[in-house]
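Right, one structure below, let's go through it.
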Amino acid sequence: MIIGLYVLFAVVVGILGIYLLTHRHGFLGISEQHAKQPALWFGWLFTIDAISLLISTFLTKGAALPGGLFVIVATLLTTVLAIVVVRLLFK
């Protein structure tokens, strides 16, 4: 059960990372000049986190601690991304 949740979470985070990497030319109404760097950095961070979560899940057979740490990192990255996007939108 926990392995399935980790895989689902990794897929969602990976899709978010790939979306940010492919849409660096402005997203959510942010100009291309301001959106390029955050999208590139967060895209790579989300993608690396998703791959790490998948590797950790299958190597540790769904152990709670290693996978949970990657879930926490992805949650913190999402929060920081939201703050960056809000700052760029209302600048």
Going through the stretch 76-91 in order, the residues found to be touching a residue at least 40 places away in the same chain (Cβ under 8 Å), farther than 13 Å from A39 by Cα and in a helix (DSSP H, G or I) are L89
Close pairs from the stretch 1-13: first touching a residue at least 40 places away in the same chain (Cβ under 8 Å), partner not aromatic (F, W, Y) and not in a helix (DSSP H, G or I), Cβ under 7 Å, at least 6 apart = I2/G62; I3/G62; Y6/G62
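Bear in mind that the values in this text are calculations on the coordinates, not laboratory data. Everything numeric here is computed off the predicted structure, so don't read it as measured data. Note that we place each Cβ from the backbone using ideal geometry, even for glycine, and neighbour counts take in every protein chain shown.
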